[in-house]
Amino acid sequence: NIAKPSQGGFSFYDDGDESRVLRRDQMTRAFIESLAKSRLSLVFQPIVSYSTGRVVACEALARWEDSTLGTVSPGEFIPIVEDNPMLCEEFTRWVLLRACQAARVWNDALEEPVKVNVNISATELYREGLIGDIDAALSSAGLAPELLVIEVTEQALIQRIDRAVQALEMLKSRGIRTALDDFGTGYSSLSYLRQLPLDTLKIDRSFIIDLATDCTAREVTRGIVNIGGALKINVVAEGVETEAQQAVLGDIGIEQVQGYLWHRPMACEALGEILMRANACRDVISPGG
Ligand code: C2E
Ligand code: MG
Ligand code: MG
Ligand code: MG
């Protein structure tokens, strides 16, 4: 902070800074309490296979409704959580366990497996205990490692590319899948992509928004699909909102899609019904009939 002149002389903060610091403080304390009392929740957003209409995975997204602060969006509380390593660790464990438990419940009722995607903060990927926490969540929920997808951002991977490769290899050796989230918004180069053992690239919403109106966005998206094909990495388009965008994606040949056009994030209870309808259910549909 730079000292700036104020009416009474020099101070480090103006009123705006001060209230921001206070709000952050208040939020951190409130979040710690909410986490301890399990007042956070997870919603799940399906990722759909375009050609079959089936749900292939559901992404877990954290929600926080505080008694005094009201609804706080992940865009606001995730950076606060990430500023507190101990809190972030605890939060990651909570998300992992809840997500794996939910996936176990829906997979018990389904013929075809539906994976669960979990977002992991950049700093968490490098934490030594993360693998142990993932193992613990999987075994406590009784979920097969193959049904878990860890989503990381480019920011997480480029900080220490060697460590990132190590961490992803570790996940891969356990059968856990990995996805690169918000692809195209960070700084990853093709040489990074080639080194990283990734299963999936998720093309950021910012590319999808312009798809129907801007042929540059379309060609860039086509390029990403070609790169994915060359590297044998599955490509997902995120943030698909309109039929026009979906038409272009279908034309480009993107097989997996996620966005409000298909499904909004929803509570696990509501998800069950969607999965039953979109995917075969063991109890209702017998093999071959
Ligand atoms: P993300 O992982 O890229 O998740 C996609 C975000 O886009 C979600 O926002 C989702 O609700 C939203 N979205 C999905 N489809 C559409 C669409 O068609 N249109 C629009 N406008 N938005 C769409 P959300 O839930 O607010 O989460 C924002 C970000 O916060 C996530 O981005 C992720 O980076 C982070 N986040 C959320 N939950 C967690 C968590 O449990 N752990 C960590 N580390 N980060 C999380
Ligand atoms: Mg994500
Ligand atoms: Mg994303
Ligand atoms: Mg994002």
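The values are calculated or read from the model by the stated rules, or taken from the named source; none is laboratory data. Given the structure is predicted, the values throughout are model-derived calculations rather than measurements. Note that each Cβ is placed from the backbone with ideal geometry, even for glycine, and that neighbours are counted across all protein chains shown. Surface accessibility is based on the protein's heavy atoms, side chains included, excluding ligands, DNA and RNA. Shrake-Rupley method; radii C 1.70, N 1.55, O 1.52, S 1.80 Å.
Summary of computed values
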quantity: Calculated from backbone phi, Karplus (6.51, -1.76, 1.60) coupling profile of segment 27-40 in Hz, x at Gly/Pro; calculated: 5, 4, 5, 5, 5, 4, 5, 4, 5, 4, 8, 6, 9, 7
quantity: Kirkwood-based Rg to Rh ratio, the chain, C-alpha trace; calculated: 1.01
quantity: Contour excess over end-to-end distance, with Cα ends at E146 and R160 and 0.36 nm allotted per residue; calculated: 2.5 nm
quantity: Tilt relative to the chain, helix 130-141 - C-alpha long axis, 0 to 90 degrees, to 10; calculated: 50 degrees
quantity: Relative contact order (%) - the chain, alpha-carbon pairs under 8 angstrom, separation at least six; calculated: 18 percent
quantity: Rounded tilt (10° steps) of 268-278 against the dominant C-alpha axis of the chain; calculated: 30 degrees
quantity: Within a Gaussian network of the chain (alpha carbon springs, distance under 10 Å), most fluctuating of L180, L148, L249; calculated: L249
quantity: Positive dipole terminus of segment 54-151, leading residue within P145, S67, M86 (C-beta point charges); calculated: P145
quantity: Value of [θ]222 nm, deg cm²/dmol, for the chain, DSSP H segments ≥ 4, -39500 (n - 2.57) each, nearest 500; calculated: -14500 deg cm²/dmol
quantity: Shape parameters for segment 104-200, alpha-carbon atoms, Rg then Dmax in Å; calculated: 13.8, 42
quantity: Ranked packing of 83-94, 197-208, most packed first, by mean Cβ within 10 Å; calculated: 197-208, 83-94
quantity: Per-pair calculated FRET efficiency, R0 = 35 Å: T185 and N84 via Cβ, rounded to 0.05; calculated: 0.90
quantity: Accessible surface of the chain, 1.4 Å probe, proportion on carbon and sulfur as whole %; calculated: 52 percent
